[in-house]
Every structure is written in C-alpha cells, then in structure tokens.
Amino acid sequence: MNVVILGGGFCGAMVAKKLDRQKDLNVTLIDTREYFEYLPSLWKLLLHPLYHQHLMIPYNKFLKRTRIITDSLCHVTPEFIETKKETLPYEYLVISTGIDYPIFLKNKKNVFTIKSGTEIIQYSEKVANATTILIIGGGLIGTEVAGALARTVPEKQIILIHPHDRLLERNTKAVSQYAKKYLNEHGVQLIFNEKVIDHKRGIFITNAQRNVKADLGICCAGISANPWFMKNFSSAVYTEHNALKVNQFLQLEGYPNIFVGGDITSIPEEKTAACADRHGHLISENILRALKQKPFIVYKPRKEPMVISLGNGDGILTYPPFVIPGFIPAILKLLVEKIGIKRLF
C-alpha cells in the first residue's frame, strides 16, 4: 500500500513518523529540503544565524523505513504524483505543502520574508549592517520580529507599519495593548492604519503617501494558499482564497483517499504549528483506521493557548480571556520550541 506525503512540515513530518514503522505501508515523503525545520523560531536567525542547527532535524534521523525524496513537485493528479525526477502512484495521499508568504511589492530588492532558514541566513549580514529596518505587518510574526530586534539591537531604528488599528488584531485588546506598550518602550516606531504599497530605491511608500526610508524590509504581511500543482482537480475542492476544502475527517472534498493537513486547509482556525501537529496525528490515525476498516476520528477545531515572544526575556501567554505577560511566557516559548523539535524523536 503506497502512501505519499507532500511536505515535511509539522503535519507531514508527524504523519510520516506515525506511519514509518507500519510494515504493510510503503511511505514516501517528498520535500524540497532534507530536513524538518522549526518555523516558529526562524526569526531568531536574523541575529543568530548559527542557531539554525538547533531548529532543523534531518528526516533520516527519525524516519527509518520511509523513503525520502528531495525534489520539487510538478504535478498532482487523483492517481499519481509527478516530481522533476519521477512519477509515483499512490493509494493514499497526504497534502501538507503549507502556504506561501508573498511579497506584494514589485521591487523586492532588500525585502524578504520569514519563511526559510537559508533565506534568512542570507540576509543576516544585511540585518547586522542595517541602520533602519522596516517591518511590514504587525500580526504574530511581525510583532515577534519587532520585539526581538528592538530588545537585542536597540541601536537600530525599527519601524513597523500595520494596516489595522492595533497589533495582533485577531487577539484580545489586552494582548494588543501589552505588545504596543512593550514595543513603544523599546523604541519601535509604530504606524497604524496604513499599508505599504510600493518600494523605490530604499523608500517604502504607504497608501497614505507616507515615505519611509529603510535599509531593509521584512515582509510579515499575510499568507496565501497556492496549490498550483493540483490543476487536474475540480474547482470544487478550492475555497475562494484557494485553500483546500476538507471534511470532518480531513479528507479532501470528494476524494476519500486524499487527506489534507496544515495551513493549506480551509479549516476556520489559527494557522499554527500546534494545529498542524494535531492534523498530522489525526490523519495518520485515520489512514490506519481505513486499512482496518474502522470508523474515522472526527477533527474538532479548538482554541489553543498561544505564546507570543517579544524577544529574550519577555512575551505574552494568551488563552482568552486570560492574558499573562512577562518573563514566564518567554521561558514557556523556549520550552515549546524544545518540545516541538524533540517530539519527532
């Protein structure tokens, strides 16, 4: 029985681990990298590029029977997968390819996102040499990056532009207020209700015609589902925002042998590592249940506690209506990172 897993992030890596020792399954994991990468902490590489070794685990360290293909996807059909190197048929498919972090600017020179450790490391020297850094977007990633830079390199001018009237707007106002207070106290210039729409020779221009001069722009301004590799599938499997529609068992709508997990799903919940990890556990269990002809487990979205880092030594723990700021959440964030990596062993 062939099981193919597309993407080795939190969901895909967990499915592979759970199915790795099943002798009646031939499991294949396809990813462009040879290692799992702990995405929630990639911002640390802006100032400490050598920390990357603590955020990555080669797949062959925890997958002993699974075939690992390091290659790019070309095509996915209801019957087989095509990469640049080969074609693979499957009985079960797991799509956990994640999402894109697009840069909505024509001029992308000296503008980058927090999505890949190798890319961030390539910019780390420019970060070290920059005098002024602009952060585009004040959601979770943008706020964490601003907090880390402001606390660690206070000599740099940090500017954050956010199109909403408060930081972390999907959280409670208490969370937003603490984050704003912290960043203000650490010298971050906050600009609300404006959106960066253009970039010309180191000048970033907002929709209010404000010109902001910066050496670097770090784009943290949104996500985008982009399952471009599924052209052979009916348009009925996509939402209007190109997320993949799943049923209560995390099966792709209309395709009982295809499961979908991670950020690319249409599930109305926060796109977090914890949720993707839960998807991985449930998908692997439901594949095993399918083989034994047992009833599937239903996925039930739930609110998870969230820990927001504001640099070493400070953070916010939120689980509405509760909000705990300060040193304890910062320690908890480190523990979550360690557990998130070691869970694969």
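The values are calculated or read from the model by the stated rules, or taken from the named source; none is laboratory data. Here the structure is a predicted model, which is why all the values come from computation and not from measurement. Because the Cβ atoms are built from the backbone with ideal geometry, glycine has one as well, and the counts that use them run over all protein chains shown. For accessibility, only protein heavy atoms count, side chains too; no ligands or nucleic acids. Shrake-Rupley method; radii C 1.70, N 1.55, O 1.52, S 1.80 Å.
Taking Cα pairs under 8 Å and at least six residues apart, what relative contact order does the range 133-178 come out at, in percent? Across the range 133-178, relative contact order equals 42 percent.
Using C-alpha pairs below 8 Å separated by at least 6 residues, the relative contact order for the chain is 19 percent. Here is the list for the range 264-331: trypsin sites (Lys or Arg not before Pro) lying in DSSP coil, each with at most 10 other C-beta atoms within 10 angstrom of its C-beta, are 292, 302, 303. Dimensions of the range 253-307 based on its C-alpha atoms, expressed as ranges along the principal axes with the largest first, amount to 39, 20, 14 Å.
Helices from the chain with mean Kyte-Doolittle at least -0.5 and a Cα length along the axis of 24 Å or more, per DSSP H: which? Length and hydropathy pass: 273-291. Tell me, what is the percent relative contact order of the range 45-194, built from C-alpha pairs under 8 Å that lie six or more residues apart? Rounded, it is 17 percent for the range 45-194.
The count of lysine pairs in the range 209-304 that are at least 8 places apart or cross chains, and whose C-alpha atoms lie under 24 Å apart, stands at 8. Take the chain with all the other protein chains still there, run a 1.4 Å probe, and you get 48 Å² of accessible area per residue. What shape does the chain take by its C-alpha gyration tensor, where a ≥ b ≥ c are the square roots of the eigenvalues and a/c under 1.5 counts as rounded, a/b above b/c as prolate, and the rest as oblate? Judged from the Cα gyration tensor, the chain comes out prolate (a/c at least 1.5, a/b above b/c).
For residue 17, the shell of other residues with beta-carbons less than 13 Å away shows a net charge of +4, using +1 for Lys and Arg and -1 for Asp and Glu. Please say if the range 195-321 is rounded, prolate or oblate, where rounded means a/c under 1.5 for a ≥ b ≥ c the square roots of the C-alpha gyration tensor eigenvalues, and otherwise the choice is prolate for a/b larger than b/c and oblate otherwise? In terms of gyration-tensor shape, oblate.
Please check: in the Gaussian network model of the chain (C-alpha springs, under 10 Å), which one of 262, 254, 12 has the largest mean-square fluctuation. Most flexible of the set in this elastic network: 254.
When only alpha carbons are used to place a centre, the range 113-140 and the range 280-333 end up 26 Å from one another. Compactness of the range 1-152 is given as radius of gyration and Dmax, 18.1, 58 Å, from Cα positions.
A 18 angstrom limit on the alpha carbon distance is what I want to check against. Which of 156/338; 44/338; 17/333; 126/156 exceed it? Over 18 Å Cα-Cα: 156/338; 17/333. Listed by chain and number, the aspartates and glutamates placed with their C-alpha closer than 16 angstrom to that of residue 85 are 31, 34, 71; residues fewer than eight positions away on the same chain are left out. The portion of the accessible surface of the chain made up by carbon and sulfur, rounded to a whole percent, is 53 (1.4 Å probe; DNA, RNA and ligands excluded). Considering only 335, 281, 322, and ranking their Cα positions along the charge dipole of the range 258-345 that arises from unit charges at the beta-carbon of Lys, Arg, Asp and Glu, the one farthest toward the positive end is 281. The charge dipole of the chain, taken about its Cα centre with unit charges on the Cβ of Lys, Arg, Asp and Glu (plus for the first two, minus for the last two), comes to roughly 400 debye. Residues considered: 312, 232, 257. Largest GNM mean-square fluctuation over the chain, using C-alpha springs under 10 Å, is found at 232. Separation of the range 1-44 from the range 214-238 is 21 Å, based on Cα centroids. Taken about its Cα centre, the range 283-345 carries a charge dipole of about 440 debye when Lys and Arg each add +1 at the Cβ and Asp and Glu each add -1 at the Cβ.
Helical content alone sets the calculated 222 nm signal of the chain at -8000 deg cm²/dmol, taking -39,500 (n - 2.57) per DSSP H segment of four or more residues and averaging over every residue.
Taking the DSSP beta bridges with both ends in the range 68-163, the antiparallel portion is around 55 percent.
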